[in-house]
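Laboratory data are not the source of any read-out in this text; all were calculated from the coordinates shown. Not measured: the values here are computed from a predicted model. Glycine also receives a Cβ, built like all others from the backbone with ideal geometry; neighbour counts cover every protein chain displayed.
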Amino acid sequence: MKVLAIETSCDETAIAIVGFKGGSKSPGISILGNALYSQASLHAHLGGVVPMLAKREHGKNLIPLLESALRQAKLWKLHAKEKPLDAKTDKKVRAILEREPELREAFMALVPRLSRPTIDAIAVTHGPGLEPALWVGVNIAKALALIWNKPIIPVNHMEGHVFSSLLVEQKPKQYLLSKVSYPAVALLISGGHTELIHIKKPGKYSLLGATRDDAAGEAFDKVARMLGLPYPGGPEISKLAEEARTKKLPRALELPRPMLTSKDLEFSFAGLKTAVLYKLKDMKLDDATKRGVAREFEDAVTEVLVTKTKAALLKTKSKTLIAGGGVAANRHIRAGLKSMTESLGNISCFLPAPSLTTDNAVMIAVAGFLKQRGTKKKNVSFKADGNLRLSSNSSKK
Ligand code: KG4
Ligand code: ZN
């Protein structure tokens, strides 16, 4: 089975074509095409992702990325002669892409000339994320599904992050899905989310706790901005913090560990960010200060994440920890989670491979394949939902 997947929830535009062999328990997974364009540098000087700019960029990038993914997968074939769409399909496609005029033009110039690729389904992220950005992906997925007459699978972005942590590389572009002992806990840490999720069995998610204000990645990005570092701030802070540790610099300041001793599994990072702001008022913003702040900030976030995750594992008597999302790229946090699970003994810890940690469409293909295997539903009607939740017990904001 081959799945074409589309991801546009934030500032990465991505299309992947992924092949699956064997049963759903341990499918062999091959990345046949993987085309990704990061808009990060475009949003960098604006200090964060601007939703309407992200939407416009997705509209521009999707058709070139579709071409690239199809070519990589050797599924790119143009009709010898142009084959116009029948009037009904033409009208429907134009209506689906009505709000994306630039994308619609590029789409109509290319897709009717393409011979239908041998894929079995189209998976697309429909939330959570920036709603205008999500809609672009959802709409192109619906238009392709209509023209190519393929089933379409709406995927939750956070479930994608869960599966990306379970992919184990066998050889380049070939993966297996790790076998998970349930119950498990997922720690999902990204630019928009910080959540602890209880997975009782595959596909059964319930929320244990989440941030009350800023997400962990958001805090990294905001503190980076205070230090004059570009967006995305996580990797920048991490680099400076590592330098402070290797150079064995003395601890430059003390920051709070918010909610560390609260009895629940909630987080709060807004206060930590404000604490940095106040401390910086009394400090000269030189390289030594930047390194010192980066290190203490990273230590504070790590300590809180590790402590709460440990409490979640113990509370749910889980056998597995799955950490995912962009912040799971952080080496200090990874090391903290690894050593915590080792100290508990008997708990497997799954972390995403560096290449699949930040947003990508491969994880959306995998989540889509596992969700829809065997069903033949075509063109289900669904919406983009910026606040889509993974867990059944959490209410929408
Ligand atoms: O999952 P992701 O790519 O996009 C969202 O769904 O939000 O996560 C992006 C977030 C950004 O806030 C970025 O600063 C953070 O992940 N990030 C990191 C690191 N790499 C990316 N945070 C800390 N350390 C890193 N090495
Ligand atoms: Zn993400």
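Sort Ile237, Ile15, Ile152, Ile6 by Cβ crowding within 10 Å, fewest neighbours at the top.
Values: Ile237 27, Ile15 33, Ile152 24, Ile6 30.
Result, fewest neighbours first: Ile152, Ile237, Ile6, Ile15.
About the Cα centre of the chain, how large is the charge dipole given +1 on each Lys and Arg Cβ and -1 on each Asp and Glu Cβ? Please answer in debye to the nearest 20. Spell out each step's value before the answer.
Working: 61 positive and 37 negative charges, 302 e Å.
Result for the chain is approximately 1460 debye, rounded to the nearest 20.
Please give the length that would be gained between Gln170 and Glu82 if that part of the chain were fully extended, namely 0.36 nm times their separation in residues minus their C-alpha to C-alpha distance (nm, one decimal).
Roughly 27.5 nm would be gained on extension.
Taking Cα atoms, how many degrees apart are the long axis of helix 287-316 and the longest axis of the chain, rounded to 10 and kept between 0 and 90?
Helix 287-316 sits roughly 80 degrees off the main axis of the chain.
Enumerate the calculated ³J(HN,Hα) couplings along the stretch 103-108 in order (Karplus 6.51 cos²θ - 1.76 cosθ + 1.60, θ = phi - 60°), each rounded to whole Hz, writing x wherever the residue is Gly or Pro.
Taking θ as phi minus 60°, the curve returns 5, 4, 5, 5, 4, 5 Hz for the stretch 103-108.
To check my understanding: the extent here is largest minus smallest coordinate of the Cα atoms along each principal axis. What are those three numbers for the chain, in Å, largest first?
Each principal axis gives a Cα extent; for the chain these are 70, 45, 40 Å.
Report the Cα centroid-to-centroid distance between the stretch 310-352 and the stretch 1-60 in angstrom, as an integer.
After rounding, the separation between the Cα centres reads 26 Å.
For the chain, what proportion of DSSP beta bridges, expressed in % and rounded to the nearest 5, is antiparallel?
So the antiparallel bridges amount to about 65 percent of the total.
Within the stretch 125-145, list the residues whose amide N lies under 15 Å from a label point set 7 Å along Cα→Cβ of Leu42.
Residues 130, 132-137 qualify, since their backbone N sits under 15 Å from the label point.
Considering only DSSP beta bridges with both partners in the stretch 86-211, what is the antiparallel share in %, to the nearest 5? Don't jump to the answer; show the numbers that get you there.
Details: 15 of 20 bridges.
Taking every DSSP beta bridge within the stretch 86-211, about 75 percent pair in antiparallel fashion.
Roughly what angle does helix 331-344 make with the longest principal axis of the chain, taking Cα atoms, 0 to 90 degrees, to the nearest 10?
Value to nearest ten degrees: 80.
Roughly how tilted is helix 362-372, in degrees to the nearest 10 and between 0 and 90, from the longest Cα axis of the chain?
70 degrees
For a quick check: with amide H placed at 1.01 Å from N, whose amide H comes under 5 Å from Leu32's, ignoring anything fewer than 5 positions away on the same chain?
Ile17, Val18, Gly19
Under the rule of at least 5 residues apart or a separate chain, name every residue whose amide H is placed under 5 Å from the amide H of Asp385.
The list, which skips near neighbours in sequence, is Gly127.
Using only DSSP helix segments of four residues or longer, with each worth -39500 (n - 2.57), what per-residue ellipticity at 222 nm results for the chain after dividing by its residue count and rounding to 500?
-13500 deg cm²/dmol
Using mean Cβ contacts within 10 Å as the protection proxy, how do 200-207, 66-73, 89-96 order, highest first?
Details: 200-207: 13.8, 66-73: 19.8, 89-96: 15.5.
Output ranking for 200-207, 66-73, 89-96: 66-73, 89-96, 200-207.
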